[in-house]
Amino acid sequence: MKKFPFLEIGIVIATAILLYILIYPGYIKNKEANNNYNMISNIYALRAAYEKYVSLDNMGELPDKIDSKIYQYLKEFGVKNPYTNEDYKEGDIKIYNLENTLDIVDNTLSGKHGLQRGKPGTFAIGFFIPDLTSYNELANKPNKTKEDLKKLESIKPEVKKYTIIGFKQDSLPVTTKDMTGEKLEVFFIQGEKTSTD
């Protein structure tokens, strides 16, 4: 009479547990890395959708609001949220203000981009819109003196700029490693348009 094969079942279960312990963490790590790269790809797609909207629908002006047409362009491009696998919808892009030109390029986790939070797979667009009141007053002044012309020449009109970031599973901005491979930086792309065009 043959006994119940406890030893064989124990070996099969132990092998399954060992495989799970060895494979699952790598699977999770690879899945998160793939989602991170998908978000980077989606950030570029959002930039293309935003620029398309600016060029075709907004007469070349950079808007500081998100129009529903931008979501439509994202859908046309076949872009989906990598965490939900759904099309982007209203509210998936939030807006924040950049106070100065240093905020635009600060990619540290403690900078303006790094402090933003959002739902996994969504975006945020930061806008920097300079105050050109004094430039416009001088430019539109009917009888300019030599001093006014000199001052007008010395003012370099700033540009209207925007940056785009995306959010990971933990609601933090998408990051990449710096050139040394040691420090994490917020991944963002930017665009601009001269405000006096």
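The values are calculated or read from the model by the stated rules, or taken from the named source; none is laboratory data. In this text the structure is predicted, and so the values were computed from the model without any measurement. Please note: Cβ atoms are built from the backbone with ideal geometry, for glycine as well, and neighbour counts cover all protein chains shown.
Hey, could you check region 119-168 for residues that are within 18 Å of ASP64 (Cβ to Cβ) and among the small types (Gly, Ala, Ser) and say which is modelled with the highest pLDDT?
ALA124
Touching a helix residue (DSSP H, G or I) at 6+ places or on another chain (Cβ under 6 Å) and either without any contact (Cβ under 8 Å) to a residue 40 or more places away in the chain or of a type in the set (S, T, N, Q) (or both): which single residue out of ALA49, ALA45, ALA33 fits that description?
Going through ALA49, ALA45, ALA33 in turn, just one is touching a helix residue (DSSP H, G or I) at 6+ places or on another chain (Cβ under 6 Å) and either without any contact (Cβ under 8 Å) to a residue 40 or more places away in the chain or of a type in the set (S, T, N, Q) (or both): ALA49.
Just give me the residues in region 58-82 being more than 17 Å from the chain's Cα centre (by Cα), part of a loop (DSSP other than H, G, I, E, B) and polar (S, T, N, Q), in sequence order.
ASN58, the sole residue that qualifies.
Among the listed residues LYS31, LYS52, LYS94, identify the single one that is loosely packed, with under 15 Cβ neighbours inside 10 Å and either of a type outside the set (Ser, Thr, Tyr) or at pLDDT below 90 (or both).
After applying the criteria, what remains is LYS31.
Scanning for something modelled with pLDDT under 85, small (Gly, Ala, Ser) and on the phi > 0 side of the Ramachandran plot, does region 169-188 turn up at least one residue?
So far as region 169-188 goes, yes, one or more of its residues are modelled with pLDDT under 85, small (Gly, Ala, Ser) and on the phi > 0 side of the Ramachandran plot.
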